[in-house]
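Data first, discussion second: the structure below is written as structure tokens.
The values are calculated or read from the model by the stated rules, or taken from the named source; none is laboratory data. Quantities reported herein were computed from a predicted structural model and do not represent experimental measurements. Every residue, glycine among them, receives a Cβ derived from its backbone with ideal geometry; neighbour counts consider all protein chains shown. Accessible surface is based on the protein model in full, side chains and every heavy atom, while ligands, DNA and RNA are left aside. Shrake-Rupley method; radii C 1.70, N 1.55, O 1.52, S 1.80 Å.
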Amino acid sequence: MSKSLKRVRRALDEAGVIVEIVEMADGTRTAADAAKAADCETDQIAKSIIFGGENSQTALLFVTAGGNQVDAALASAVAGEPLGKADAGLIRKQTGFAIGGVSPVGHLNPIRAWFDPRLLEFDLVYAAAGTPRHIFGIDPKQLLTLSGAEIANFTARPG
């Protein structure tokens, strides 16, 4: 078991949240792939999108429904600072995860986070468990609490 996967498992266990972490035969790098693998709607996939805060020089987490895209202007307004692309080094340093497997829980260091209200419309959502091949299902209200995120409007529907 990878260190990242163990860290997610430990964070969930320490919070008293009982979930099954599932390894997918196919990758879950996109929300559509994850939804297909989990046999759920695309919007039930809780994507962890990381931006770099240009003023704070930290990684900022936006947990969004799989069918939504983070609107950069709205996200910047929510964060209170201009946002840029977070490089792999910043993401790894702050969260401990590689791109493609960033979980909304179990980060190495505290992270400011925001949560897409669309996720709260479901009884169950699925999030990355620290690797591109592992996910876990969880009540979105629990995920909101565990992630330490604030509910905010920062998304747009693609198209």
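Summary of values
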read-out: Gap separating the Cα centres of segment 45-115 and segment 125-151, nearest whole Å; value: 14
read-out: Extension gain from residue 20 to residue 123, taking 0.36 nm per residue of separation minus the Cα-Cα distance; value: 35.5 nm
read-out: Cα-Cα over 20 Å, subset of 47/141; 6/141; 85/141; value: 6/141; 85/141
read-out: Cut-off 11 Å between beta-carbons: net charge of the residues surrounding residue 138, Lys and Arg +1, Asp and Glu -1; value: -2
read-out: Segment 1-74, dipole about Cα centre (Lys/Arg Cβ +1, Asp/Glu Cβ -1), debye to the nearest 20; value: 380
read-out: Read-out Cα extents along the principal axes in Å, derived from the coordinates shown; its label in (i) 37, 33, 28; (ii) 40, 38, 25; (iii) 40, 37, 29; value: (i)
read-out: Solvent-accessible heavy-atom area per residue, rounded to whole Å², over segment 1-142 at 1.4 Å; value: 48
read-out: Vicinal HN-Hα couplings computed from phi for segment 119-133 (Karplus, 6.51 cos²θ - 1.76 cosθ + 1.60; Hz; Gly/Pro x); value: 4, 6, 7, 10, 7, 9, 10, 10, 10, 5, 10, x, 9, x, 10
read-out: Area accessible to solvent at residue 41, 1.4 Å probe radius, in Å²; value: 100
read-out: Within the accessible area of the chain (1.4 Å probe), percent carbon and sulfur; value: 50
read-out: HN-Hα J in Hz across segment 75-81 - Karplus 6.51, -1.76, 1.60, θ = phi - 60°, x for Gly and Pro; value: 5, 4, 5, 5, 6, x, 7
read-out: J(HN,Hα) series, segment 32-44, from Karplus relation 6.51 cos²θ - 1.76 cosθ + 1.60, nearest Hz, glycine and proline x; value: 5, 4, 5, 5, 4, 5, 8, 6, 9, 6, 4, 5, 7
read-out: Pair residue 74, residue 41: separation of 7 Å Cα→Cβ label points (nm); value: 1.7
